[in-house]
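Asker: To start, I am sharing the structure in question, which I have written as structure tokens.
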Amino acid sequence: MNTESVSEPSSLTRALLARLREAIHAAGGWLPFDRFMAIALYEPGLGYYANQNPKFGQMPAGLAGQGSDFVTAPELTPLFGHTLARQVAQALVATGTDEVWEFGAGTGALALQVLDALAAMGQAPRRYTIVDLSGSLRERQRETLARHADRVRWADQLPERFEGVVLGNEVLDAMPVQLLHRVGGQAEGVWHERGVALDDGGALVWAERTTDLRPPLDIEGPHDYLTEIHPQAEAFIRTLADRLQRGAAFFIDYGFPEAEYHHPQRHMGTLICHRAHQSDDNPLADVGEKDITAHVNFTGIALAAQDAGMSVLGYTSQGRFLINAGLMEVSKDAGPRENAMLGKLVNEHEMGELFKVLALAPAASAEGWVPIGFTAGDRTHRL
């Protein structure tokens, strides 16, 4: 069984462990993993996304004074946001809206790139709203976006009704997941939900209970099988569908369609942690000090959207999407460094294939246009 880190825990980790122990005791000694993940990432002041530790950047902690745990596309190069802005501009016109909403804006780098590019096109939105659960990042975002202060605002949650173009870059992967573990093969295996408990010394340990929950596909094979299901991300999409009256939404994240996600060979699931640009598979260690994430089941997200009345406008790889949207033109004057970063965005062995883009829209906003990012290589039929 994995336990908490053997190294001396930081004061932040000690405080978060105390909160987790309280939650485990209150739940009767066993906490489902999605509730553990929610506390580990979002507990006010203590969770990974709610504390003050640096997270985003190209260099790990201790190097170049830019301690960070991982890098996202906007931190790699502004070419990412400048190209995405072309898609945003088309979507604003096609849906007759004048606002942009971004979920989980991180450092504000993507917002800055999109706003700068839209302004250069003469299509600056009336308002750019950032919806972010992490209050600790808000001041950094304010500094980054100072020159667009007249257009940017922040919200802690979605309003009951709104319109506009929605952006979510690496948002769905950070939503808590449930873990399902089949012990034994397809024919006679027993499914368990994996959660977190405490050992006699108070350390975090894995613990499982039998469950009626199942992944969306039968998993062939005689082997044990661990996977994730995504009720919170799917519930988020249903809420978005209920409240977005007009506009479109673009989600960019790493993941797979359902048949690949639950492939028999993917028997260890996709859950992973990130710290100082290194990865590990033990979310019970160093809680609050590292990211916990799982790949996105894009089929489940698309079906949740459709069931709630939204249309799927397109689905493709990040590389294909950016090329369709005009990355080559945007980067025509780029220097050697920017061209190297461009390669990371589109190459199949880098982010270009692992990351996908899914576009959704309310039915009333879906007719009469094709988003430029999906004009070639659309994979909607593979969802």
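Asker: Just give me the residues in the range 233-283 being open to solvent by 20 Å² or more (accessible area, probe 1.4 Å) and farther than 26 Å from Glu353 by Cβ, in sequence order.
Answerer: Ala235, Arg238, Thr239, Asp242, Arg243, Gln245, Arg246, Asn282, listed by residue number.
The rows are residues; the columns are (1) modelled with pLDDT under 95; (2) open to solvent by 20 Å² or more (accessible area, probe 1.4 Å); (3) over 21 Å from Leu360 (Cα atoms).
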{"position": "Asp69", "(1), (2), (3)": "yes, no, yes"}
{"position": "Thr72", "(1), (2), (3)": "yes, no, yes"}
{"position": "Leu110", "(1), (2), (3)": "no, no, no"}
{"position": "Ala117", "(1), (2), (3)": "no, no, yes"}
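Asker: Spot the failing condition for Ser136; the list is (1) in contact with an Asp or Glu (Cβ under 9 Å, 6 or more places away or on another chain); (2) small (Gly, Ala, Ser); (3) surrounded by fewer than 22 Cβ atoms within 10 Å (Cβ to Cβ), and only one is missed.
Answerer: (1)
Asker: Where in the range 284-380 are the strands (runs of 3 or more DSSP E), entirely inside, with at least 1 residues that are surrounded by fewer than 21 Cβ atoms within 10 Å (Cβ to Cβ)?
Answerer: Values: elements: 291-293, 310-317, 355-362.
Counting at least 1 such residues, we get 291-293, 310-317.
Asker: Spot the failing condition for Pro44; the list is (1) more than 16 Å from Gly104 (Cβ to Cβ); (2) outside any loop (DSSP other than H, G, I, E, B); (3) at pLDDT below 95, and only one is missed.
Answerer: Among (1) more than 16 Å from Gly104 (Cβ to Cβ); (2) outside any loop (DSSP other than H, G, I, E, B); (3) at pLDDT below 95, the lone unmet condition for Pro44 is (2).
Asker: Need the failing condition index for Asp150 against (1) modelled with pLDDT of 95 or more; (2) under 23 Å from Thr72 (Cβ atoms), just the number.
Answerer: (2)
Asker: Which of the residues that make up the range 299-338 are β-branched (Val, Ile, Thr) and either in contact (Cβ under 8 Å) with a residue 60 or more places away in the chain or more than 22 Å from Glu350 (Cβ to Cβ) (or both)? Before the answer, list the steps.
Answerer: At the first step, the residues of the range 299-338 found to be β-branched (Val, Ile, Thr) are 299, 301, 312, 316, 323, 330.
Residues satisfying the conditions are Thr299, Ile301, Val312, Thr316, Val330.
Asker: Moving to a separate point now. Here is a list: Glu163, Glu170. Which entry is within 21 Å of Leu271 (Cα to Cα) and either of a type in the set (Phe, Trp, Tyr) or touching a strand residue (DSSP E or B) at 6+ places or on another chain (Cβ under 9 Å) (or both)?
Answerer: Numbers: Glu163 fails: within 21 Å of Leu271 (Cα to Cα).
Going through Glu163, Glu170 in turn, the sole match is Glu170.
Asker: Of all residues being surrounded by 10 or more Cβ atoms within 10 Å (Cβ to Cβ) and touching a Leu at 6+ places or on another chain (Cβ under 9 Å) in the range 147-161, which is nearest to Tyr42 (Cα to Cα)? Just the residue, please.
Answerer: Leu158
Asker: Just to be sure I understand the filter: pairs with C-beta atoms under 6 Å, separated by 6 or more residues or on different chains, first member in the range 346-375 and touching a residue at least 40 places away in the same chain (Cβ under 8 Å) and charged (D, E, K, R), second member open to solvent by less than 30 Å² (accessible area, probe 1.4 Å) and assigned to a helix (DSSP H, G or I). Which pairs pass?
Answerer: Close Cβ pairs satisfying both conditions: Lys356/Phe298.
Asker: Something else: With the requirement that a residue be within 26 Å of Gly314 (Cα to Cα) and over 13 Å from the mean Cα position of the chain (by Cα), what does the range 270-300 give you?
Answerer: Thr270, Thr299, Gly300
Asker: So, in the range 162-186, exactly how many residues are surrounded by fewer than 18 Cβ atoms within 10 Å (Cβ to Cβ) and of a type in the set (Val, Ile, Thr)?
Answerer: 1
Asker: Follow-up. Hey, could you check the range 194-229 for residues that are of a type in the set (Lys, Arg) and loosely packed, with under 15 Cβ neighbours inside 10 Å and say which is farthest from Phe36 (Cα to Cα)?
Answerer: Looking only at the range 194-229, we keep the residues that are of a type in the set (Lys, Arg), and these are 194, 209, 214.
Retained after the next criterion (residues that are loosely packed, with under 15 Cβ neighbours inside 10 Å): 209, 214.
Details: Arg209: 15, Arg214: 20 Å.
Among those residues, the one meeting the criterion is Arg214.
The values are calculated or read from the model by the stated rules, or taken from the named source; none is laboratory data. Fair warning: this is a prediction, and the values are worked out from it, not measured in the lab. Don't worry about glycine lacking a Cβ; one is built from the backbone with ideal geometry, like all the others, and counts go over all protein chains shown. Ligands, DNA and RNA are excluded from the accessible area calculation, which covers all protein heavy atoms including side chains. Shrake-Rupley method; radii C 1.70, N 1.55, O 1.52, S 1.80 Å.
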